[in-house]
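**Student:** Here it is: the structure, laid out below.
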Amino acid sequence: MEAIDRGIFVTAGAPAYLDSPMSIGYNATISAPHMHATCLELLKEHLQHGMRALDVGSGTGYLTACFAMMVGPQGRVVGIEHIPELVSSSIENIKRSAAASSIKDGFLTVHVADGRLGWPELAPYDAIHVGAAAPQIPQSLIDQLKPGGRLVIPVGTLNQDLKVVDKNLDGSISVRTETSVRYVPLTSRDAQLRNN
């Protein structure tokens with residue numbers, strides 16, 4: 001997080017280093033720094049050099065850029081966001097950050113897609129992060145998790161918990177609750193934009 005300047009990823013004039021989520025438009029937010037730190041800490045063993053990571057609901061691209069710094073050029077990072085304007089701006093943000101070479105060298109890509117479906121083209125992933133709350137854990141994301149991999153996802157509607165999902169080497173799944181959270185919903189593009 002020290003290598004990636006959050007100030008590049010928030011709206012001009014916004015208090016970038018305030019420990020609070022901030023609107024990025026389109027009924028989306030950039031998470032508070034403490035939540036980014038929590039997710040990076042939970043995923044750090046699965047974001048080692050050469051590993052693969054998927055960032056669902058990648059928004060501004062901040063955490064996606066952090067992932068790229070951690071996995072390095074031998075790894076692969078995919079961001080998925082269903083709002084095309086956020087994908088475009090996140091790519092520009094990343095290009096202005098310390099992770100710029102990850103885009104230029106092609107080991108970080110950001111795509112317009114429905115994050116609930118993951119990105120099967122580059123699966124399986126060592127780490128999957130979801131930046132919006134799902135009513136339940138999407139099976140497609142579990143299916144795209146590598147044995148030995150970890151998924152961190154907020155789950156719930158009114159009451160939400162940050163869930164840590166580990167896929168064991170035998171393919172079985174272990175799920176635990178890390179903490180209570182409050183995230184925007186993981187939904188369709190149309191449903192998200194209707195809430196404007």
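The values are calculated or read from the model by the stated rules, or taken from the named source; none is laboratory data. As the structure is a prediction and not an experimental result, all values here were calculated from the model. Backbone-built Cβ (ideal geometry, glycine too); neighbour counts: all protein chains shown. With ligands, DNA and RNA removed, areas are computed over all heavy atoms of the protein, side chains included. Shrake-Rupley method; radii C 1.70, N 1.55, O 1.52, S 1.80 Å.
**Student:** For segment 51-59, state whether one or more residues are of a type in the set (Asp, Glu), closer than 19 Å to residue 6 by Cα, touching a helix residue (DSSP H, G or I) at 6+ places or on another chain (Cβ under 7 Å) and in contact (Cβ under 8 Å) with a residue 40 or more places away in the chain.
**Tutor:** Among the residues of segment 51-59, at least one is of a type in the set (Asp, Glu), closer than 19 Å to residue 6 by Cα, touching a helix residue (DSSP H, G or I) at 6+ places or on another chain (Cβ under 7 Å) and in contact (Cβ under 8 Å) with a residue 40 or more places away in the chain, which makes the answer yes.
**Student:** If you take the residues of segment 145-171 that are open to solvent by 40 Å² or more (accessible area, probe 1.4 Å) and among the polar types (S, T, N, Q), which of them is nearest to residue 76 (Cα to Cα)?
**Tutor:** 168
**Student:** Also, quick follow-up: Hey, among 137, 80, 128, 142, which residue is open to solvent by 10 Å² or more (accessible area, probe 1.4 Å), under 18 Å from residue 186 (Cβ atoms) and not in a helix (DSSP H, G or I)?
**Tutor:** Only one candidate passes the filter, namely 137.
**Student:** Spot the failing condition for residue 41; the list is (1) without any contact (Cβ under 8 Å) to a residue 24 or more places away in the chain; (2) open to solvent by less than 40 Å² (accessible area, probe 1.4 Å); (3) among the acidic types (Asp, Glu), and only one is missed.
**Tutor:** (2)
**Student:** Okay, moving on. For segment 88-108, which residues satisfy the criterion of being in contact with a strand residue (DSSP E or B) (Cβ under 6 Å, 6 or more places away or on another chain) and either open to solvent by 10 Å² or more (accessible area, probe 1.4 Å) or without any contact (Cβ under 8 Å) to a residue 12 or more places away in the chain (or both)?
**Tutor:** Answer for segment 88-108, where residues must be in contact with a strand residue (DSSP E or B) (Cβ under 6 Å, 6 or more places away or on another chain) and either open to solvent by 10 Å² or more (accessible area, probe 1.4 Å) or without any contact (Cβ under 8 Å) to a residue 12 or more places away in the chain (or both): 91, 107.
**Student:** May I ask you to list the residues in segment 44-62 that are open to solvent by 10 Å² or more (accessible area, probe 1.4 Å) and within 14 Å of residue 151 (Cβ to Cβ)?
**Tutor:** Those that are open to solvent by 10 Å² or more (accessible area, probe 1.4 Å) and within 14 Å of residue 151 (Cβ to Cβ): 45, 46, 51, 52, 57.
**Student:** Mind checking which pairs have a first residue in segment 1-30 that is free of Cβ contacts under 8 Å to residues at least 12 places away in the same chain and surrounded by 13 or more Cβ atoms within 10 Å (Cβ to Cβ) and a second that is assigned to a loop (DSSP other than H, G, I, E, B) and among the basic types (Lys, Arg), Cβ under 9 Å, 6 or more apart or different chains?
**Tutor:** Nothing qualifies.
**Student:** Check segment 41-48 and report whether any residue there is in contact with a Leu (Cβ under 9 Å, 6 or more places away or on another chain), under 21 Å from residue 162 (Cβ atoms) and outside any helix (DSSP H, G or I).
**Tutor:** yes
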